[in-house]
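**Student:** The following block contains the structure, expressed as structure tokens.
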Amino acid sequence: MEKKIGFIGCGNMGKAILGGLIASGQVLPGQIWVYTPSPDKVAALHDQFGINAAESAQEVAQIADIIFAAVKPGIMIKVLSEITSSLNKDSLVVSIAAGVTLDQLARALGHDRKIIRAMPNTPALVNAGMTSVTPTRW
């Protein structure tokens, strides 16, 4: 079964991860759904990568098996609290927000959720970076 990948927010780092997934050949553009509050940005990502444009963060949460939460740290908890009820039981949420702890993520999503806190560094923007990854226990 092919996993469906979702992005909620897709700034520079999110776009780098998205591009890297597609460039790896392990994920096809048709397996990816993206939502940002800017329809122009989603349209540009669709044109560049061929991904699916989502109408809302909740739509991404309902469709995707793996969700990259790639919004600014200051709104991360608010966004996660808005999608919690839309997540599937086995969804994996990956946060790339600096300064938002696993405990904060678990409080927003529920302590029974599969959550990863990932900290990519800036060379990831040119597919030359590394990422620190810390999961919750599940």
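**Student:** In the stretch 123-138, which residue that is without any contact (Cβ under 8 Å) to a residue 40 or more places away in the chain and polar (S, T, N, Q) is surrounded by the fewest Cβ atoms within 10 Å (Cβ to Cβ)?
**Tutor:** That would be S132.
**Student:** Also: Checking T101 against (1) more than 15 Å from G14 (Cα to Cα); (2) touching a helix residue (DSSP H, G or I) at 6+ places or on another chain (Cβ under 9 Å); (3) modelled with pLDDT of 95 or more; (4) among the polar types (S, T, N, Q), which single condition isn't satisfied?
**Tutor:** Evaluating T101 over (1) more than 15 Å from G14 (Cα to Cα); (2) touching a helix residue (DSSP H, G or I) at 6+ places or on another chain (Cβ under 9 Å); (3) modelled with pLDDT of 95 or more; (4) among the polar types (S, T, N, Q) leaves (2) as the failure.
**Student:** Next question. Here is a list: V100, V94, V79. Which entry is touching a strand residue (DSSP E or B) at 6+ places or on another chain (Cβ under 7 Å), surrounded by fewer than 23 Cβ atoms within 10 Å (Cβ to Cβ) and closer than 14 Å to I116 by Cβ?
**Tutor:** V94
**Student:** Do we find that M13 is at pLDDT below 95, in a helix (DSSP H, G or I) and touching a strand residue (DSSP E or B) at 6+ places or on another chain (Cβ under 8 Å) in this structure?
**Tutor:** Details: at pLDDT below 95: yes; in a helix (DSSP H, G or I): yes; touching a strand residue (DSSP E or B) at 6+ places or on another chain (Cβ under 8 Å): yes.
Considered against the rule, which asks whether it is at pLDDT below 95, in a helix (DSSP H, G or I) and touching a strand residue (DSSP E or B) at 6+ places or on another chain (Cβ under 8 Å), M13 comes out as yes.
**Student:** Now for a different question. Just one of (1) in contact with a strand residue (DSSP E or B) (Cβ under 8 Å, 6 or more places away or on another chain); (2) within 15 Å of K4 (Cβ to Cβ); (3) surrounded by 12 or more Cβ atoms within 10 Å (Cβ to Cβ) trips up G30, so point out which.
**Tutor:** (3)
**Student:** Run A69 past the list (1) on the phi < 0 side of the Ramachandran plot; (2) free of Cβ contacts under 8 Å to residues at least 60 places away in the same chain and report the number of the one that doesn't hold.
**Tutor:** So the condition that A69 fails would be (2).
**Student:** Quick one: how many residues across the stretch 16-46 are modelled with pLDDT under 95, within 21 Å of N127 (Cβ to Cβ), not aliphatic (A, V, I, L, M) and not in a loop (DSSP other than H, G, I, E, B)?
**Tutor:** Total meeting the criteria: 3.
The values are calculated or read from the model by the stated rules, or taken from the named source; none is laboratory data. None of these values were measured; they are calculated from a predicted model. Don't worry about glycine lacking a Cβ; one is built from the backbone with ideal geometry, like all the others, and counts go over all protein chains shown.
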